[in-house]
Structures are given as structure tokens and as C-alpha cells.
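Here's a structure for you.
The values are calculated or read from the model by the stated rules, or taken from the named source; none is laboratory data. All of these numbers come straight from a predicted model, not from anything done at the bench. Because the Cβ atoms are built from the backbone with ideal geometry, glycine has one as well, and the counts that use them run over all protein chains shown. Remember, those area values only see protein heavy atoms, side chains included, never the ligands or the DNA or RNA. Shrake-Rupley method; radii C 1.70, N 1.55, O 1.52, S 1.80 Å.
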Amino acid sequence: MPEKAHSDEGLTAEARPATKEDAAILAKLVNMAGDGLPLYLWTKLAEDGEDPWEVGRQRAQREEGSFSYRNAVVLEHGKVIACLIGYPIVPSLPDPDTPAMFVPFNMLEALAVGSWYVNVMATLPEARARGYGSRLLAMADTIAEATGCTGTSLIVSDANTTARHLYESVGYRAIAAEPMVKEGWAGEGENWVLMVKP
């Protein structure tokens, strides 16, 4: 039986595993959560004349990799309105070929090995302030427990105070930060902050 939740406006949203058919909305939600950083990266990856959004959709349709529909759960109310993408952080050796922008993420993730990493949590603007974010974070806790992880973790911009307040309200605490490497990305903030919930 699909899980149901009631918002303060009486709406219900059904949770289900994402499918390849959700690739376009997953790309949109991922870019929203990443403050435009994903689209910036997809633009760099796009071949001549290729739509960067198509790069994002193709990445969402992959069978493996961190940004894959296989790692995603969506909330649906007539249409997909929110998503959660995550996976367990396992020990890994530093890769000398890692692009500079990703090095701060890798350094912070290394401090949260064993946790279930909330890579993306996003809700469409028209569906916000209805408790879906808290619900997705509770689902992350459930998945972490079911998969034997030591808790949950996430990385957020120090400028995203709204998200940080939400995370703190459900038990996350900031434990480390690394300076952002922006290159040509114009996102707000100076540091990426690692938050964990045991």
C-alpha cells in the first residue's frame, strides 16, 4: 500500500520509487536544490548544440551513479511535486581526477562515512510549506535505519538559511565546512556545510 501523508491543506501525496520516466522532473528538482550548480555542470558536459537539460535527464536515467533514478523517491499529487535522492556513503580513495568543484564535497562526505547521504531533497515552489520536506527527511531516517547506516548526513550552502533551519529542526547538526570552489558558477554562499543526524 503506498504511503500517504496529509498536509495542513488536506492534500495527500503518494510516495513511490522514481522511474526512468521521472527523469525530466528529477533534473528540474535536482537543479533547484543545487541552486543552479547542476545546470552549470551539465552545460559544461553538453556536446556542441546539445541541450544541457538533456544531459541532466540522461544522467537521471542512468542505472548507476549518485544522481540516478534508482536512488530516488518521489512524492506525487497529480504530478511529481518533490523528490529525495540519497545513498550510503562508503569509504573511497581520493581520485586525483576529481574536478576542483567536487573536492570540498568529497572531503566532507569522507567525514560522514557509514551514514545515508541526503544528496538531494527538493519540493516544487507551489507545493512548499506543506510539510513535504520534513516528510522526506523522515523517510531518509527510515531508509538509513533499514540499510544499517549510522544515521543521515547532508551538505548545504552556508547561505541557505531556510534549509539549514529545517534540518536543525529535525535534529541535524553542522559538524564541518569547506570553502566552495565556484569557477564560473554564480551561486550564493562561501562554504559548504556538512550536517549530520546520528
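Tell me which residues, restricted to segment 34-79, are out of contact with any Ser or Thr (no Cβ under 8 Å at 6 or more places or on another chain), assigned to a helix (DSSP H, G or I), closer than 24 Å to G133 by Cα and at pLDDT 90 or above.
If the condition is that a residue be out of contact with any Ser or Thr (no Cβ under 8 Å at 6 or more places or on another chain), assigned to a helix (DSSP H, G or I), closer than 24 Å to G133 by Cα and at pLDDT 90 or above, then P38, L39, G56, R57, R70, N71 are the ones that fit.
While we're here: Consider segment 80-90. How many of its residues are surrounded by fewer than 24 Cβ atoms within 10 Å (Cβ to Cβ) and either in contact with a Pro (Cβ under 6 Å, 6 or more places away or on another chain) or not in a loop (DSSP other than H, G, I, E, B) (or both)?
Of the residues in segment 80-90, the ones surrounded by fewer than 24 Cβ atoms within 10 Å (Cβ to Cβ) are 80-81, 87-90.
Still in the running and either in contact with a Pro (Cβ under 6 Å, 6 or more places away or on another chain) or not in a loop (DSSP other than H, G, I, E, B) (or both): 80-81, 87-88.
Matching residues across segment 80-90 total 4.
A follow-up question, please. Please work out which one of (1) more than 20 Å from L75 (Cβ to Cβ); (2) over 14 Å from the mean Cα position of the chain (by Cα) is the condition T142 fails and give its number.
(1)
Suppose the filter is within 26 Å of A146 (Cα to Cα) and free of Cβ contacts under 8 Å to residues at least 24 places away in the same chain; does G65 pass it?
Working: within 26 Å of A146 (Cα to Cα): yes; free of Cβ contacts under 8 Å to residues at least 24 places away in the same chain: yes.
So G65 passes the test.
Which residue out of E76, E64, E21 is surrounded by fewer than 21 Cβ atoms within 10 Å (Cβ to Cβ) and out of contact with any Lys or Arg (no Cβ under 9 Å at 6 or more places or on another chain)?
Details: E76 fails: out of contact with any Lys or Arg (no Cβ under 9 Å at 6 or more places or on another chain); E64 fails: out of contact with any Lys or Arg (no Cβ under 9 Å at 6 or more places or on another chain).
Answer to the check: E21.
Mind checking whether some residue in segment 119-138 is touching a residue at least 12 places away in the same chain (Cβ under 8 Å), open to solvent by 10 Å² or more (accessible area, probe 1.4 Å) and on the phi > 0 side of the Ramachandran plot?
yes
Right, L108: more than 16 Å from A27 (Cα to Cα) and either touching a strand residue (DSSP E or B) at 6+ places or on another chain (Cβ under 8 Å) or surrounded by 18 or more Cβ atoms within 10 Å (Cβ to Cβ) (or both) or not? Give the steps one after another, and end with the answer.
On the way: more than 16 Å from A27 (Cα to Cα): yes; either touching a strand residue (DSSP E or B) at 6+ places or on another chain (Cβ under 8 Å) or surrounded by 18 or more Cβ atoms within 10 Å (Cβ to Cβ) (or both): yes.
When the stated conditions are applied, L108 passes them.
Continuing with the same structure: Quick one: in segment 179-193, of everything that is in a strand (DSSP E or B) and within 21 Å of K44 (Cβ to Cβ), which residue is most open to solvent (accessible area, probe 1.4 Å)?
Applying the filter and picking the extreme gives P179.
Just give me the residues in segment 42-61 being closer than 27 Å to A140 by Cβ and open to solvent by 40 Å² or more (accessible area, probe 1.4 Å), in sequence order. Steps first, answer last, please.
Step one: filter segment 42-61 for residues closer than 27 Å to A140 by Cβ, giving 42, 53, 55-61.
Selection gives W53, R57, Q58, R59, Q61.
Per-residue answers, yes or no, for (1) over 17 Å from the mean Cα position of the chain (by Cα); (2) part of a loop (DSSP other than H, G, I, E, B):
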| site | (1), (2) |
| --- | --- |
| P94 | yes, yes |
| M101 | no, no |
| P104 | no, no |
| G114 | yes, yes |
| E126 | yes, no |
| R135 | no, no |
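Looking at (1) out of contact with any Phe, Trp or Tyr (no Cβ under 7 Å at 6 or more places or on another chain); (2) modelled with pLDDT under 95; (3) within 27 Å of A186 (Cα to Cα), which is the one condition that is false for L84?
Condition (2) is where L84 drops out.
Sticking with this one: Please enumerate the residues belonging to segment 147-165 that are assigned to a loop (DSSP other than H, G, I, E, B) and open to solvent by 60 Å² or more (accessible area, probe 1.4 Å).
Let us first name the residues in segment 147-165 that are assigned to a loop (DSSP other than H, G, I, E, B), namely 147-151, 158-160.
T147, G148, T150, N160 - these are the residues of segment 147-165 that are assigned to a loop (DSSP other than H, G, I, E, B) and open to solvent by 60 Å² or more (accessible area, probe 1.4 Å).
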